[in-house]
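> The structure is given below, and queries will be raised subsequently.
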Amino acid sequence: MSENQKTNKWVVQGIVVLLLFIALIIINPFVVIGAGERGVVVSRVSGVQMTPLGEGMHFVMPFVYSVERYDVRTMKFESESECSTADLQDIKVRLAINYKIDAKEVARLHQQIGPDYVAKVIVPAMEESIKASTAKFKIAEVITKREELRNHTLKLLREKLKNYFIILQDVSIMNISFSEAYSKSVEEKQIQDQKIKTKEYERRQAEEEARRVRILADAKAYEQSKLARSVSPDVVKLEWIKKWDGKLPQYMGGNSNILMPMK
């Protein structure tokens, strides 16, 4: 083999290797599943493969298989719903949930629902659960029994999402908004209650003042009565008798009240 032929052979082999490398990059048969993810393998021939890919690098046959990635870590989602209470009052409730996809069932989730499971499953389930819960409470109770409302919603929503391979971890009631008419009625009632409390306070103050005046009057009357008793004729006579030394007076007075010496 001549030198030119050898050179051409090496050139051809280099080109082949380069083309294979480029094709490998373009086709990219390797799939990397990141931390907290699972990969659902879908075959063009047999459909969804029930065993998901775990974290790390995986070889996947190009053109035959594709991979859908799902985040299986804890995620948060918020939604606001218009609801009615047991006494037919309209309110708006904003819920926040913490949830995660069941990592073992991610293939079934993809097969039965797909990647847009939030819009298809979570949002409707949240609305149904909070509406069913608020319907069991009167409007005044959605505040005073907020924790009960939250627990009732959590129980309903957890059961609904479990059927779709979603694990509900927690529910929080972020905000409750009342209608303008109800808010106005509450404000008017608070004003009225404050007026009643003010009048009650004034009445108690008046009663307390009257009681104080009465006590002072009774004390003054008692002092006057005591003083009057202390200067009565009988008291004066008694005090004179106590102090008499047994001797008769040396002078006697007649009708003219003039004392005369006694012999």
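All of the numbers you see were taken from the coordinates with simple rules; none came from a lab. The shown structure was predicted, so the numbers you read here are calculated from the model rather than taken from an experiment. Heads up, the Cβs are rebuilt from the backbone with ideal geometry, glycines too, and the neighbour counts pull from every protein chain shown.
> Just want the ordering: Tyr182, Tyr117, from fewest to most Cβ atoms lying within 10 Å of their own Cβ.
Final ranking by Cβ density, sparse to dense: Tyr182, Tyr117.
> Ok, one more. Using 7 Å Cα-to-Cβ label points, what is the Lys145/Arg212 separation (nm, one decimal)?
According to this spin-label approximation, the distance is 4.6 nm.
> Give the cross-link partners of Lys138 among the aspartates and glutamates, using a straight C-alpha distance below 12 Å as the criterion and excluding same-chain residues fewer than 8 apart.
Once the sequence-local aspartates and glutamates are set aside, what remains near Lys138 is Asp87, Asp90.
> Also: Pop a pseudo-label 7 angstrom from the Cα along the beta-carbon direction at both Ser172 and Arg94 and give the gap in nm to one decimal.
Spacing of the two 7 Å Cα→Cβ label points: 1.2 nm.
> If you find the alpha carbon centre of region 85-118 and of region 156-175, how far apart are they in angstrom?
Measuring centre to centre over Cα atoms gives 6 Å.
> At a Förster radius of 22 Å, what calculated FRET efficiency corresponds to the Cβ-Cβ distance of Ala35 and Val123, to the nearest 0.05?
0.20
> Suppose every Lys and Arg Cβ carries +1 and every Asp and Glu Cβ carries -1, with no other charges. What dipole size does region 125-186 come out with about its Cα centre, to the nearest 20 debye?
Around 120 debye, computed over region 125-186.
> If you don't mind, there's one more thing I want to ask. Under the classification rounded if a/c is under 1.5, otherwise prolate if a/b is larger than b/c and oblate if not, where does region 115-202 fall, given a ≥ b ≥ c as square roots of the Cα gyration tensor eigenvalues?
prolate
> Hey, another quick one. May I ask which of Lys100/Lys136; Lys131/Lys160; Lys155/Lys184; Lys136/Lys160; Lys199/Lys220 have a Cα-Cα span longer than 22 Å here?
Exceeds cut-off: Lys100/Lys136; Lys155/Lys184; Lys199/Lys220.
> Could I ask something else about it? Which FRET efficiency value, to the nearest 0.05, do you get for Ser225 and Gln194 by plugging their Cβ-Cβ distance into 1/(1 + (r/R0)^6) with R0 = 45 Å?
Calculated transfer efficiency: 0.45.
> How much length, in nm to one decimal, is gained on full extension between Ala132 and Lys184, taken as 0.36 nm per residue of separation minus their Cα-Cα distance?
Taking 0.36 nm per residue and subtracting the Cα distance, the gain is 16.1 nm.
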